[in-house]
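Working notes for the structure below.
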Amino acid sequence: MGFRRSDRRTPTAAPVALKLLVAGGFGVGKTTLVGAVSEIRPLRTEEALSEAGRPVDDIAGVEAKKTTTVAMDFGRITIRQDLVLYLFGTPGQDRFWFLWDELAQGALGAVVLADTRRLEDSFAAIDYFERRGIPFTVAVNQFDGATRHAADTVRDALDLDPDVPVVLCDARRRESAKDVLITLVEHAATVSGARRAAAGTS
């Protein structure tokens, strides 16, 4: 007995999976953002801060922080039925920077989380992605009690190119974190399109 037309189902295409990085300085909220937005229980590689690490881990401004990421955070979020994002949170301390090259392989783009109380901690991540030509978005994590600054003020302070998106966010809130990721995907798509167009005319 054959199938009736109404029984036939059109096979659905596999969703596009994109790799994104969540980077920034120590204690800026990377683990929090990945955990807030991930639809699966995030993989975390956190260890307790110890006295032995105090000489190399600068906790000025984040004295209440008790743990730190020593390898990466991993999470997943489905933006649309045909678009899935895989999130890799990078470690913030300089001594774990050797992991960044491995994590950056195949990444579509990156979120650089910034804390206006320690804005200088963002420069290393920004420089990393600029040098490698990886599109990135700066997301200002608005901590409780921190002075609020307009996005353009942060852009000027970080000396960013005009096309780099700067957004304000609360890394604890799922919708806020999701908006950051959507901004990044749209920016990365624009950059990719511009590069293809430039390559076609060269």
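Take the conditions (1) part of a loop (DSSP other than H, G, I, E, B); (2) modelled with pLDDT of 95 or more; (3) loosely packed, with under 15 Cβ neighbours inside 10 Å; Val164 misses just one of them, which is (3). For segment 167-182, a residue qualifies if it is open to solvent by 40 Å² or more (accessible area, probe 1.4 Å), assigned to a helix (DSSP H, G or I) and in contact (Cβ under 8 Å) with a residue 40 or more places away in the chain, and the qualifying residues are Arg174, Lys178, Ile182.
Kindly evaluate Arg118 against the criterion of being modelled with pLDDT under 95, farther than 17 Å from Lys30 by Cβ and not aromatic (Phe, Trp, Tyr). Taking the combined requirement at face value, the residue does not satisfy it. Residues that are more than 18 Å from Thr31 (Cβ to Cβ) and crowded, with 17+ Cβ neighbours inside 10 Å occur in segment 188-197; there is at least one.
The values are calculated or read from the model by the stated rules, or taken from the named source; none is laboratory data. Nothing here was measured: the structure is a model prediction, and the numbers come from that model. Cβ coordinates were reconstructed from backbone atoms using ideal geometry, including for glycine residues, and neighbour counts include every protein chain displayed. All accessible areas refer to the heavy atoms of the entire protein, side chains included, with ligands and DNA or RNA removed. Shrake-Rupley method; radii C 1.70, N 1.55, O 1.52, S 1.80 Å.
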